[in-house]
1. Out of the residues in the range 122-143 meeting the condition of being in contact with a Phe, Trp or Tyr (Cβ under 9 Å, 6 or more places away or on another chain) and over 20 Å from ASN199 (Cα atoms), tell me which one is surrounded by the fewest Cβ atoms within 10 Å (Cβ to Cβ).
2. Might you check whether a residue that is hydroxyl-bearing (Ser, Thr, Tyr), closer than 20 Å to VAL111 by Cα and open to solvent by less than 40 Å² (accessible area, probe 1.4 Å) occurs anywhere in the range 185-207?
3. What are the residue pairs meeting all of these: first residue in the range 329-355, first residue within 19 Å of LYS418 (Cα to Cα), second residue among the β-branched types (Val, Ile, Thr), Cβ atoms under 9 Å, and 6 or more apart or on different chains?
4. Would you check if ASP430 is on the phi < 0 side of the Ramachandran plot, open to solvent by 60 Å² or more (accessible area, probe 1.4 Å) and in contact with a Pro (Cβ under 6 Å, 6 or more places away or on another chain)?
5. Can you give me the number of residues within the range 122-166 that are assigned to a strand (DSSP E or B) and either touching a residue at least 60 places away in the same chain (Cβ under 8 Å) or farther than 15 Å from LEU182 by Cβ (or both)?
6. What's the total number of residues in the range 167-184 that are buried (at least 16 other Cβ atoms within 10 Å of the Cβ) and in contact (Cβ under 8 Å) with a residue 60 or more places away in the chain?
7. With respect to THR156, determine if the residue is buried (at least 20 other Cβ atoms within 10 Å of the Cβ), modelled with pLDDT of 90 or more and of a type in the set (S, T, N, Q).
8. I'm checking my understanding of the structure. Among residues of the range 289-337 that are open to solvent by 70 Å² or more (accessible area, probe 1.4 Å) and of a type in the set (Asp, Glu), which one is farthest from CYS241 (Cα to Cα)?
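The values are calculated or read from the model by the stated rules, or taken from the named source; none is laboratory data. Bear in mind the structure is a predicted one, so any value in this text is a computation, not a measurement. All Cβ positions, glycine included, derive from the backbone under ideal geometry; neighbour counts span all protein chains shown. Each accessible area value is taken on the protein alone, full model and side chains, heavy atoms only, with ligands, DNA and RNA left out. Shrake-Rupley method; radii C 1.70, N 1.55, O 1.52, S 1.80 Å.
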Amino acid sequence: MDRRRATLAALAALGAALAGLGAVLMVTRVVSADGTVGALLAGAGALSAGLSAFGLLGHRRRGPDVPTAPSESETDRPESNALETAEKRLASAVEAMISAIELYDGQDRLVLHNARFVHLYASAAKEIAKGAGYADVLRAAVEAGTIEQAIPDPETWLARDIARHRAGDNERSERKIGDAWLQVRSHRLPDGGRLVIHNDVTVLHDTAERAEAQSQLLMATFNAMVQAIIVLDADLRMRACNNRLIELFDLPRELTVPGTPVEAIARHNIQRGWMDIPGDDLEDKVTRRMALYEARRYHREEVTAEDGLTIEIQVQPDDAGGLVVIYTDISERREAERSLLKAKEEAEVANHAKSQFLASMTHELRTPLNAIIGFAEVLREELYGPLGAKQYGDFANDIHQGGQHLLSMINDILDLSKIEAGRRDLAYEDVDLSALVEAVVRMVRQRASEAGVRLERILPDSLPPLHAEDKAVRQMLINLLSNAIKFTPKGGHVRISAGHRPEDGGTHWLTVEDTGIGMKPEDIPVALAPFRQIDSAHARRYQGTGLGLPLVESLIELHGGSLTIASTPGEGTSITLTFPADRGAGQKRDE
């Protein structure tokens with residue numbers, strides 16, 4: 001009889017606990033010989049952690065003042081069979097649970113448990129087997145080092161957990177056993193016993209840990225940003241801010257607490273002169289600033305503090321009705337821009353002065369130089385009679401050639417300085433490219449013959465006129481052909497070609513190709529820089545100022561065209577001049 005009563009008591013205790021967790025049950029009545037009426041309630045019990053189990057619930061005793069008559073079902077089913085069935089159902093229900101279950105009676109003795117509990121607390125197997133009390137079972141597990149949280153201070157942890165168990169107020173606690181995290185809840189039962197449920201929350205705990213790690217990473221990134229950032233909710237209260245914001249505006253601690261109105265922060269910043277906001281007084285300025293936030297639209301502006309600090313402010317609305325406000329200190333950027341602009345202006349002034357100086361000097365040099373060239377030519381040709389010794393004629397020829405070379409250099413410098421100074425105007429006309437190419441080829445043919453370089457030209461049968469300055473185009477071709485002949489070894493060839501591209505709107509092009517020494521890609525910018533020459537042993541054999549290509553590039557750009565260079569060391573160079581489409585004869589012109 002005692003075993004039967006214990007079984008019914010266990011059923012009642014477990015049933016009451018599971019019923020408190022929201023079980024859905026079916027009722028079967030059981031009546032004992034002494035008038036005890038039990039209700040076996042079987043159903044799918046849903047534990048609070050979402051775990052399914054087959055539950056057995058219910059126990060009550062009718063008092064002697066409540067008469068009862070056995071029903072037909074009660075008399076037909078012997079009590080012993082009902083209890084045996086109840087025990088089996090109870091065992092099945094408890095074992096089916098994936099949560100660890102331990103049930104204690106009113107004297108805190110272990111009367112029921114499942115295999116999951118034994119598996120977790122294997123270190124307390126002896127205490128479990130003999131039905132020891134909660135404190136004894138727990139102490140055995142703690143002394144074996146099973147529970148990670150108890151290791152630093154076992155006695156303190158035991159005292160706290162035993163007190164929680166005895167209170168039986170359903171308070172949750174967590175403990176780690178091996179790799180498993182358990183949420184433990186102790187339920188007080190009507191008969192004074194305790195039902196302890198251990199739910200495995202390892203997945204939830206790991207997810208929470210990962211979320212916390214991610215949150216810490218995001219916060220570390222947030223605080224490491226050079227921009228000062230504040231995030232506001234829909235009520236314009238602070239949700240979060242980073243350390244840079246606190247540093248930038250020297251915010252006191254009370255203004256960095258989540259929930260702080262942005263109005264208080266704006267007032268603090270304006271009051272201390274860190275934001276130069278238009279307005280009559282402090283409150284007017286704060287009102288204007290709040291109106292900007294309340295508009296909840298994207299906004300960007302720059303403000304200057306009293307100490308000269310320049311801050312860029314970006315206000316960006318978010319999907320939740322709040323705002324993200326980003327403050328960027330751009331003081332160094334603005335100072336660099338001012339310095340760069342000042343340096344640019346100074347460089348332009350200096351360059352203009354240089355161009356003016358060169359223009360004046362070259363003009364002053366050309367007059368006496370022309371006289372020197374003229375007198376040398378008179379002496380070389382012996383216009384006023386023989387000079388006597390042959391050496392005098394050689395000297396006069398050297399003077400004439402040197403003067404011509406110097407005059408050519410001065411003319412190049414003068415032209416380049418005029419272009420840089422903006423004083424070189426083009427005299428446009430319709431240029432017959434074919435005739436101009438023929439004329440330039442005749443001019444340099446002797447020089448090519450003396451250098452042993454074959455000169456070729458490829459021209460179409462019909463070429464539309466080019467609207468350009470004849471003198472400038474002629475000068476560009478002479479410079480390009482002279483360079484090509486100069487840097488092409490004996491036996492090589494130089495080719496000049498021209499064409500027209502109707503498909504590009506009528507662009508004209510001129511190309512000079514040679515089989516000379518060529519250039520490396522990194523040498524091309526050097527060749528295009530004024531007064532610079534490529535450091536080549538072959539190039540150093542020839543005189544020159546390094547103004548030929550820069551002058552060509554300046555003149556083609558003055559026409560609105562472009563110069564392109566393709567070169568390979570040891571194979572040669574190809575330079576193309578492209579004139580824009582609106583330079584064709586008969587087309588629209590803006591000169």
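1. Restricting to residues being in contact with a Phe, Trp or Tyr (Cβ under 9 Å, 6 or more places away or on another chain) and over 20 Å from ASN199 (Cα atoms), the top hit is GLY133.
2. Yes, the conditions are met somewhere in the range 185-207.
3. SER355/ILE419
4. yes
5. Residues that pass the stated criteria total 1.
6. So the answer is 2.
7. In short, no.
8. GLU337
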